[in-house]
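S.K.: Below you will find the structure I want to go over with you.
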Amino acid sequence: MEAHLRAGIAIYNAGRYHAAHDAWEDHWLGLESGTDDERFLHGLIQFTAAVYHAQNGNWSGATGLAASGREYLAVVPPTYRGVDVAAVRRYLAALESDPELIERGPPLALTHHGQQPVPEDLAFEATAVAAEVLAEEDGYDEAVLEQAATFGGADLEDGVTASPFVTLLFDFVREPANRGIVFQRLSEHVDRRAQREADVDRLFDARK
């Protein structure tokens, strides 16, 4: 859960309010209803949706989501999994009563263990989560990012210090202006690695 939580927070803090909830949603759907983790993630999902709707001038959508988000977070401890839940509840209350406050200043930044993480702060596992989320949001083939994350994770486990998959996944998340070029390079590396592994498998099968 930690990687998904941190990825979503970093994406949110980078201003991608609509995309942020995707980092939490898949994990949230698998949780038992009513648990602290389930209510915590559900509340954060409602929070980001409320901010997104307020940013787009959908005042009724923002106030409704702010109210439901506060309800989900009401029984969650003030600080939970390193997040200042109390601050989120206060902001949701303010947004519910006056959604136009978002036009007078930036929305609340989310903290995690006292910091405000952005994509540049993410370690590899959270970066892999963020990459798939941003790929879906921006119209890139998620399967390529998923395969790149698998190859990159394997390289790290094997002690490879110059894995192109690790480097390019970081670039994909951290350099939005170059995302298209980075994705193309990732695709090429994924294709070459997949072909190389397929060749090894065929050779192994031929020797049986």
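S.K.: Mind checking the dipole of the chain: about its Cα centre, +1 per Lys or Arg Cβ, -1 per Asp or Glu Cβ, Debye to the nearest 20?
M.R.: Dipole magnitude for the chain comes out near 320 debye.
S.K.: Oh, and also: Could you tell me the calculated FRET efficiency between residue 157 and residue 25, based on Cβ-Cβ distance and R0 = 30 angstrom, to the nearest 0.05?
M.R.: Step by step, r from the Cβ atoms, then E = 0.60.
S.K.: Between region 148-202 and region 1-70, what is the separation of their alpha carbon centroids in Å?
M.R.: Distance between centres, Cα-based: 29 Å.
S.K.: Follow-up question, since we're still on this one. Measure nothing but the geometry: give the 0 to 90° angle between the long axis through the Cα atoms of 124-138 and the longest principal axis through the Cα atoms of the chain, rounded to 10°.
M.R.: With both axes taken from Cα atoms, the answer is about 80 degrees.
S.K.: Which cross-chain or sequence-distant (5 or more) residues have an amide H under 5 Å from the amide H of residue 83, H modelled 1.01 Å from N in plane?
M.R.: Residues meeting the amide H criterion: 113.
S.K.: Output needed for region 124-206: three equivalent-ellipsoid semi-axes, defined as square roots of 5 times the C-alpha gyration tensor eigenvalues, in descending order, whole Å.
M.R.: After scaling each eigenvalue by five and taking roots: 24, 14, 11 Å.
S.K.: Then there is this: Helix 36-55 versus the longest principal axis of the chain: what angle, 0 to 90°, nearest 10, using Cα atoms?
M.R.: With rounding to tens, the tilt is 80 degrees.
S.K.: Another question, then. Of the options 62, 131, 105, report the single residue whose Cα projects farthest towards the positive end of the charge dipole of the chain (beta-carbon charges: Lys, Arg +1; Asp, Glu -1).
M.R.: About the Cα centre, the residue reaching furthest to the positive side is 105.
S.K.: Can you compute the helix-only [θ] at 222 nm over the chain? Use -39500 (n - 2.57) per DSSP H run of at least 4 residues, normalise by all residues, nearest 500 deg cm²/dmol.
M.R.: My calculation for the chain gives -23000 deg cm²/dmol from helical runs alone.
S.K.: Right, next: In sequence order, what are the phi-derived ³J(HN,Hα) couplings for region 4-12 according to the Karplus relation 6.51 cos²θ - 1.76 cosθ + 1.60 with θ = phi - 60°, rounded to whole Hz, with x for glycine and proline?
M.R.: Result, ordered by residue: 5, 4, 5, 4, x, 4, 5, 5, 4 Hz.
S.K.: If each residue of separation counts as 0.36 nm, what is the full-extension length gain between residue 2 and residue 94 once their alpha-carbon separation is subtracted?
M.R.: Extra length from residue 2 to residue 94 when fully extended: 30.3 nm.
S.K.: Hey, got the Cα dimensions of the chain along the principal axes, in Å, largest first?
M.R.: Here the spans come out as 70, 35, 27 Å, largest first.
S.K.: OK, next. Local charge sum around residue 63 (other residues, Cβ-Cβ under 12 Å, Lys/Arg +1, Asp/Glu -1)?
M.R.: -2
Here, each number is a calculation from the coordinates, and none is a lab measurement. Keep in mind the model is a prediction, meaning the values are calculated, not measured. Positions of Cβ are generated from backbone atoms using ideal geometry, with glycine treated the same way; all protein chains shown enter the neighbour counts.
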